[in-house]
Amino acid sequence: MRKKIIAGNWKMNTIVEDGVTLASSINTEIKNVTLRDDTFVIIAPPFTHLTFINQLIDSDKLLLAAQNCSTETKGAYTGEVSAEMLKILGCDAVILGHSERRAYYHETSDILIKKLDQVLKNHMIPIFCCGEMLEQREKGEHFKVVENQISEVLFDLSEEDFSKVVVAYEPVWAIGTGVTASNEQAQEMHAFIRKIISEKFGNNIADNTSILYGGSVNPSNASELFSQKDVDGGLVGGASLKADNFINIIEAI
Ligand code: PGA
């Protein structure tokens, strides 16, 4: 079933004490929001917070995600965190291929294929990010860029595995800039993504894939973005760091 999802990507923000307070407020306030059965909220705090936050979540509408995981299962990989470790800490999902990881940590499609495999093997939901840079959009290459990002990593999956993936379209020029894609730009790209999924896996799987929009989502623009036909929710950075803002965005779904 195609789900509506609001995911908060905290990035490298909050020390554990503040993160616990934030998660606890979200956990409490979410209970006052009437969410449909097909709607879920995800928070992705830093690794160091996961154990503590997992212990306080008691809303069945609130899921926990990590922001990254290792390509490897275990062993001599200093500084890495495996998908199994995250699963055992209580993670339900892992964000993969965020543009910041692609840009600063040189994550390529080959690396993402391995991470995706780890996440799926450990029965978590991959939230797979894609999106073009400004120059690419200006040159009219945005559809090709997004198609390549998606096809290189996701199109060798079986239908069963692909059905577990959530896609997040995040134009790089809209991330953390305060410049949001227009409703039309978001809808156009989401419809394109659904079309290429349909060409590869068929209409039924494409119709059931959740495609989130990310990039400067805030309480004022969320409801219009989410009302677009192919936009199934949002991946929210900055505005997920204040419980009230995040709850307002959740209410917009
Ligand atoms: P932003 O970040 O909402 O702060 O633009 C979104 C993201 O990077 O996921």
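Residue 184 falls short on exactly one of the conditions (1) in a helix (DSSP H, G or I); (2) within 13 Å of the ligand (Cβ to nearest atom); (3) more than 17 Å from the chain's Cα centre (by Cα), and that condition is (2). For region 120-134, the count of residues that are free of Cβ contacts under 8 Å to residues at least 12 places away in the same chain and surrounded by 15 or more Cβ atoms within 10 Å (Cβ to Cβ) is zero.
Residue 177 satisfies every condition listed in (1) in a helix (DSSP H, G or I); (2) within 13 Å of the ligand (Cβ to nearest atom); (3) over 29 Å from residue 34 (Cβ atoms) except (1).
Every residue in region 179-196 that is touching a residue at least 24 places away in the same chain (Cβ under 8 Å) and either more than 25 Å from residue 11 (Cβ to Cβ) or touching a helix residue (DSSP H, G or I) at 6+ places or on another chain (Cβ under 9 Å) (or both), please. Can you show your working first?
Going through region 179-196, the residues touching a residue at least 24 places away in the same chain (Cβ under 8 Å) turn out to be 179-181, 183, 186-187, 189-194, 196.
Listed by number, the residues that qualify are 179, 180, 181, 183, 186, 187, 189, 191, 192, 193, 194, 196.
Residue-wise test of (1) within 15 Å of the ligand (Cβ to nearest atom); (2) surrounded by fewer than 22 Cβ atoms within 10 Å (Cβ to Cβ); (3) at pLDDT below 95.
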| residue | (1), (2), (3) |
| --- | --- |
| 199 | no, yes, no |
| 218 | yes, yes, no |
| 225 | yes, no, no |
| 234 | yes, no, no |
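Filter region 129-174 for residues that are among the hydroxyl-bearing types (Ser, Thr, Tyr) and within 16 Å of the ligand (Cβ to nearest atom) and give the result.
The first filter runs over region 129-174 and keeps only residues among the hydroxyl-bearing types (Ser, Thr, Tyr), leaving 151, 158, 163, 169.
Across region 129-174, the qualifying residue is only 169.
Tallying residues that are in contact with a Ser or Thr (Cβ under 9 Å, 6 or more places away or on another chain), more than 16 Å from residue 235 (Cβ to Cβ) and more than 16 Å from the ligand (Cβ to nearest atom) within region 3-22 yields 5.
For region 187-240, which residues satisfy the criterion of being part of a strand (DSSP E or B) and hydroxyl-bearing (Ser, Thr, Tyr)?
Of everything in region 187-240, just one residue is part of a strand (DSSP E or B) and hydroxyl-bearing (Ser, Thr, Tyr), namely 213.
Only residues that are touching a Cys at 6+ places or on another chain (Cβ under 8 Å), in a helix (DSSP H, G or I) and not β-branched (Val, Ile, Thr) were counted across region 121-147, and they come to 0. For region 236-246, a residue qualifies if it is more than 10 Å from the ligand (Cβ to nearest atom) and surrounded by fewer than 20 Cβ atoms within 10 Å (Cβ to Cβ), and the qualifying residues are 242, 243, 244, 245.
The values are calculated or read from the model by the stated rules, or taken from the named source; none is laboratory data. Worth saying up front: this structure is predicted, and the values here are computed from it rather than measured. Because the Cβ atoms are built from the backbone with ideal geometry, glycine has one as well, and the counts that use them run over all protein chains shown.
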